[in-house]
Amino acid sequence: MRRHKFHLLCQIILLSFIFSCKKDNSEKAIPPEENNFCDKLHFTEKGKLSQELAKLKPLKEGKTGVYVLEEGGEAMMSRAWLSANAEKSIDIQYFIFSTDNVGLIACDYLVRAADRGVKVRLLIDDILVDASINDLLTLDAHPNIELKIYNPGVNLGKNIFGKAKKILTDFRSANQRMHNKTFIVDDQVVITGGRNIADEYFDFDHAYNFRDRDVLFIGPASKDVKISFDDYWGSDLSLAVTKLVEAKKTANINIDRFEKLHNYACNPENFWPQIRTRIEELPNSFQRIQDSDLFVWVDSIRYISDKPGKNDHTKGLKGGGLSTDALIKLVQEAESSIDIQTPYLVSTELSRDVFKAAFERGVKIRILTNSLASTDNVEAFSGYQKDRKKLLEAGVRIFEYKPDAAIRKQIMAKDLQSKLDFSPIFGLHAKSMVVDNKITVIGTFNLDPRSAHLNTECLSIIDSKEIAASVSKGMETEFQSDNSWETTLDFNPDSLVPKGKRIKTWTRKIIPKGVL
């Protein structure tokens, strides 16, 4: 399980040691008799995305197709199918892009696409890059792949002293991370939402997985996402990976490592046989999405993305942003109900006042967040604990996710779950909101000061009763007692957690709320 926030200098230094000790798994050999699977795993002919899109009549009428990706397996397969069928370009922007099984398979698909002539641009935030400089340089060395790092200085290309200097001398800048998550194919198809690229975001980790949500859309709304991506790509904060190291270190890039990457992707020891079976069925994935009743054509989607750097404030840890303003406006305009899922719930006086005002005009507000038992981030939970009572007093009903939520059996890849002899813990990672049963927000924004003021975030605001009903159905299930506890002024489930984790959380209360 990965931590994906940072708070104090000691935590960042610890992360640097972890990253420096990263084991290179790409050297594993693949038995000759298993090479035949490589031919099944990847499309070698030129992609055919345009052929599929040409069949969509509403697309020609200027509408945008929307499909919510609830299951991790489906979210992974959709990305894989799109990579395999891209014809012109793949633009990718992530906070975390790990080199675990899912990450390496994803990289292999990108290399295969680049081999076909597809132009690939990959932008990753610096703080939690889980790969060596040499691995990144190797990927960037492909003539059709460009790789940039957002706001470098606290991880890649820096020793422990360089990282410490950055934190101590430029604390605000070091805390301004790119939390956007976008996957754009041929400028026409987009996947965006809460998921990073790592095993636990796609329900394939053995120990801990995230309940998450993405949205796929096809059509005109993709243009706004591409414009935002280009803004980030051209920003002074986005630096080519080759600029992070001395020139002499880039001289001997081993392109043969692409073959080793391919072998890794094909080796059944590295990727479960059940997953390989689903990959073989990829040609049906796009058609299955189109045929689903949950694929909805809408007139427009409002895509809101913060500007690189978030805001122009140079002092303190506040400043807001476009995504913050958009969410406040939605709450202020709500008429009857607001249902929210957020993994981290660190309230401020402003957010509590906004919710209280909505409650006082008759709006019913429910928020599902992680319990102490399910959270991967005790630092954020400690901030939530401080003001949980105040939020309840503001009229908000709060539900806390159970680590053994019954729903996890349904949202894990079904053909995998039946073969597992263990049940991983699940934590909430979805960042979604449904307003008045007609407006749905799916994005990257956590309800905490970091998302409000420091991290850049993106939101897809969808005005569709059909999409709202679909997302609300899933939320309603997770509000039920099999999946979450309702926290009240008289009860919370903190005491059900082992004493060690409770003490660890208590010690984090010294962390300033602004960086949680």
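The values are calculated or read from the model by the stated rules, or taken from the named source; none is laboratory data. Just so you know, these numbers come straight off a predicted model, no measurement behind them. Positions of Cβ are backbone-derived with ideal geometry, glycine not excepted, and every protein chain shown enters the neighbour counts. Ligands, DNA and RNA are excluded from the accessible area calculation, which covers all protein heavy atoms including side chains. Shrake-Rupley method; radii C 1.70, N 1.55, O 1.52, S 1.80 Å.
What whole-number distance in Å separates the alpha-carbon centres of the stretch 286-360 and the stretch 148-178?
28
When all protein chains stay in place, what accessible area (Å², nearest 10, 1.4 Å probe) is found for TYR384?
10
In the stretch 479-494, whose amide N lies under 19 Å from the spot 7 Å out along Cα-to-Cβ of ALA406? List them in ranges.
Label zone hits: 479-487.
Using a Förster distance of 35 angstrom, determine the FRET efficiency expected from the C-beta separation of ALA54 and GLU333, and round it to 0.05.
0.35
On a 1.4 Å probe surface of the protein chains, which of LYS307, LYS364, LYS148, LYS438 comes out largest in accessible area, and what is the full order?
From most accessible down to least: LYS364, LYS307, LYS438, LYS148.
Tell me the label-point distance for the pair LYS119, GLU259, using the 7 Å Cα-to-Cβ offset, in nm and rounded to one decimal.
Label-label distance for LYS119 and GLU259, simple model: 3.0 nm.
Using the charge dipole of the stretch 433-502 (Lys, Arg: +1 at Cβ; Asp, Glu: -1 at Cβ; taken about the Cα centre), state which of GLY474, VAL497, VAL435 has its Cα farthest towards the positive end.
VAL497
Exactly which GluC sites (Glu not before Pro) in the stretch 49-136 are in a DSSP loop and have at most 11 other Cβ atoms within 10 Å?
GLU61
Quick check: residue separation of ASP463 and PHE161 times 0.36 nm, minus the Cα distance between them. What number comes out in nm?
Gain on extension, ASP463 to PHE161, equals 103.8 nm.
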